[in-house]
Amino acid sequence: MELVNGLHFKNIRGDIFGGLTSAVVALPLALAFGVASGAGAMAGLYGAVFVGFFAAIIGGTPSQISGPTGPMTVVMAVIITQYGDNPALAFTVVIMGGALQILFGSLRLGHYVTYMPFSVISGFMTGIGVIIILLQLAPLLGYPPSSEGVLHAIAMIPDLLSGPFGNAALLGVLSLAIVSFTPLAVSRFLPAPLLALLTGTLLGVFALPGAPVIGEIPTGFPEIILPDVELSQFPGMISSAITLAMLGSIDSLLTSLVADNFTRTYHQSNRELVGQGVGNMVAGLFGAIPGAGATMRTVVNIRAGGKTPLSGALHSVVLLAVVLGLGPLAEQIPHAVLAGILLKVGYDIIDWQHLRRLHKAPRGGMLVTLIVLLLTVVTDLVLAVGVGVIVSSLISANQMSEEQLKQFRLVTSPAEYPPITVKGREILRWAEGRILVLHLSGAFSYCSAKEMVRKMGPVGMNYRVVVLDLEGATMIDTSIALALEEIIKQCQDSGRMVLLSCSGDCVGGKVINTLDDLGILRHISPEYRHPVRLQALRHAKRLLEEEDAQAQDSLVG
């Protein structure tokens, strides 16, 4: 395995341009995210430095730029509020979250993120965008940022809009206008967020004074914050760390997929999680806010020519050089300017494309998106994702059940059983309903287990032999295997004989192994098991003939 994934020196010029350009874009965003988190502007910049550097050199997406993001900032703001009396606890949570990301990568869980339903991701990201917008309304208009959560921010909206509006509101609206309407030709040379930052700060100093500013910022390299744990707070710390780890992993790997689409390459998801985890652990150790793969900065890097981890590392080095001498200048940045920048970030995070066609989406997907969106805004982020995944899984399970049950057939006559051979049809015709064939074709999962057992109920009582035909089955899970066991036992308890037909992928494969491992084959004698369906039907016929002969002997006797 490469020491640094994707590292080579054939693209030095492109990586330099990519690193410098992404650093310019990252600077105002990192400041804004730091302030929005409650940890301070420098905490945002150092988050971009540490997460960006270590994710680049250790991670699995060569062209990705990492740093503070909107979703991670929203979570960090909650953590800062929760543990405001002891900041060491808050940054210990960041370290724990990074450690969990490393664990996720070590356990090779990275590829499972791609299984997250789109309806959940869309609702969640839209909810995050709404939260950012709601929380930035107060500083945009010159009021102190809300520290009591989203619901309080919503309740304050009438008071905020009632005015009066001062210079801060003018600066905020102007910054929002700059990041929203700056022509693309200008943004290529001077990114809109940086232009808004410079313009708003200069106007705040020389033309529109009085707006609340960032204020005093400590200079120099940050001191190490030793991890701290209070037993009474530990359950909540674990919950918050899981939130950070899950959100950071999802955010980063979705950005990795975007980078793959631009570069026509393939990232290493598990390695990316380890790199992000190391970056977040270092960030927490130095009192910086956590981060993840940043989509906009990654796209900017790629379009500027960045292709290797050198661009991400250079982006962090440039920010470090800036941050060591930026303190006195950053102190004069108005909160309203940063709020204007973040309002545009929140707007861009909202999945407008999906929302516009939500009314045309399947009802299940629409329901999941709206549930996740609502829960994200008014409750807990982990709860929102968890409920969304559960509801989405239940809807998918119902749809899968319907499809799987189409491949589960109860057959007593040859007309109902197309896969059977001519000789097999003759046997079913001869049996006149006394042979019941349970035919499974394809893959079966827990979704259809209970319905399979229920379907056995209405079948007529005339059949004497049951042929469990798994010849076309390619996969069964534990629930299906146990359902088959229940069917077998029901049939045997009612005096019926059960034969097994299993061939192709079934014989010596996953299906037969599952039945064997769970001890279900013990209910069927070896002589009642057949590799070919026709053999099982012939055996069923012999059993019926023997039963007929015994009945005839009884009548004669």
**Prompt:** Under a point spin-label approximation (7 Å from Cα along Cα-to-Cβ), what is the LEU226-GLU451 distance to one decimal in nm?
**Reply:** 6.0 nm
**Request:** Under 24 Å between C-alpha atoms is the cut-off here; go through the stretch 406-556 and count lysine pairs that meet it, provided they're at least eight residues apart or on different chains.
**Result:** 10
**Prompt:** GLN552 to SER413: FRET efficiency via 1/(1 + (r/R0)^6), r the Cβ-Cβ distance, R0 41 Å, to the nearest 0.05?
**Reply:** 0.95
**Net charge of Cβ neighbours under 13 Å - reference VAL453; Lys, Arg +1; Asp, Glu -1** = +1
**Item:** Dipole magnitude (debye, nearest 20) for the chain, charges at Cβ of Lys, Arg, Asp, Glu
**Value:** 1540 debye
**Request:** Rounded to the nearest Å, what's the spacing between the alpha carbon centres of the stretch 257-303 and the stretch 433-450? Just the number, please.
**Result:** 46 Å
**Item:** Cβ-defined net charge surrounding ALA536, 13 Å radius [Lys, Arg +1; Asp, Glu -1]
**Value:** +3
**Request:** Per DSSP H run of n ≥ 4, the term is -39500 (n - 2.57); total these for the chain, divide by its residue number, and report the mean residue ellipticity at 222 nm rounded to 500 deg cm²/dmol.
**Result:** -20500 deg cm²/dmol
**Item:** Matching label, percent of Cα pairs over 38 Å apart computed from the structure shown, candidates (1) 44; (2) 24; (3) 37
**Value:** (1)
**Fill in**
Rounded to the nearest 5, the percent of antiparallel DSSP beta bridges in the stretch 406-556 equals 20 percent
**Message:** Can I get the semi-axes of the stretch 409-455's equivalent ellipsoid? Compute them from the C-alpha gyration tensor as square roots of 5 times the eigenvalues, in angstrom, largest first.
**Reply:** 24, 12, 6
**Request:** Return ARG538, ARG108 ranked ascending by Cβ neighbour count within 10 Å, so the fewest neighbours appear first.
**Result:** ARG108, ARG538
**Asked** Which distance in nm do the two modelled labels at ARG188 and PHE206 give, with both placed 7 Å along the Cα-to-Cβ direction?
**Response** 2.9 nm
**Fill in**
Contour minus Cα-Cα span, ARG356 to SER396, at 0.36 nm per residue, comes to 12.1 nm
**Item:** Antiparallel content of DSSP bridges confined to the chain, in %, to 5
**Value:** 30 percent
**Helix axis angle, 269-285 relative to the chain longest principal axis, alpha carbon, degrees** = 40 degrees
**Prompt:** Label points 7 Å out from Cα along the Cβ direction at ASP85 and ARG108: separation in nm?
**Reply:** 4.6 nm
**Asked** If you place +1 on the Cβ of every Lys and Arg and -1 on the Cβ of every Asp and Glu, how big does the dipole about the Cα centre of the stretch 240-389 come out, in debye to the nearest 20?
**Response** 560 debye
**Longest site-free stretch - the chain; sites: chymotrypsin sites (Phe, Trp or Tyr not before Pro), DSSP loop, at most 12 other Cβ within 10 Å** = 267-557
**Request:** Specify, per residue and in Å³, the volume enclosed by the convex hull of the alpha carbon atoms belonging to the stretch 406-556.
**Result:** 107 Å³
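Express the C-alpha Rg of the stretch 223-281 as a ratio against the empirical globular expectation 2.2 N^0.38 Å, rounded to two decimals.
Normalised Rg, Cα atoms only: 1.47.
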**Request:** Within the stretch 184-279, list the GluC sites (Glu not before Pro) lying in a DSSP loop whose Cβ has at most 11 other Cβ atoms in a 10 Å radius.
**Result:** GLU216, GLU223
**Complete:** The farthest towards the positive end of the charge dipole of the chain, of the residues ILE238, GLY163, LEU405, given +1 on Cβ of Lys and Arg and -1 on Cβ of Asp and Glu, is LEU405
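About the Cα centre, and with charges only on the beta carbon of Lys, Arg (+1) and Asp, Glu (-1), how big is the dipole of the stretch 406-556? Nearest 20 debye, please.
340 debye
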**Request:** For an R0 of 60 angstrom, estimate the FRET efficiency from the Cβ-Cβ distance between HIS523 and ASP260 and round to the nearest 0.05.
**Result:** 0.75
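Read-outs throughout are calculated quantities, based only on the coordinates presented, and are distinct from any laboratory measurement. The structure presented is a predicted model; accordingly, all values stated were derived computationally and were not measured. Ideal geometry is used to build each Cβ from the backbone, glycine not excepted, and the neighbour counts take in all protein chains shown.
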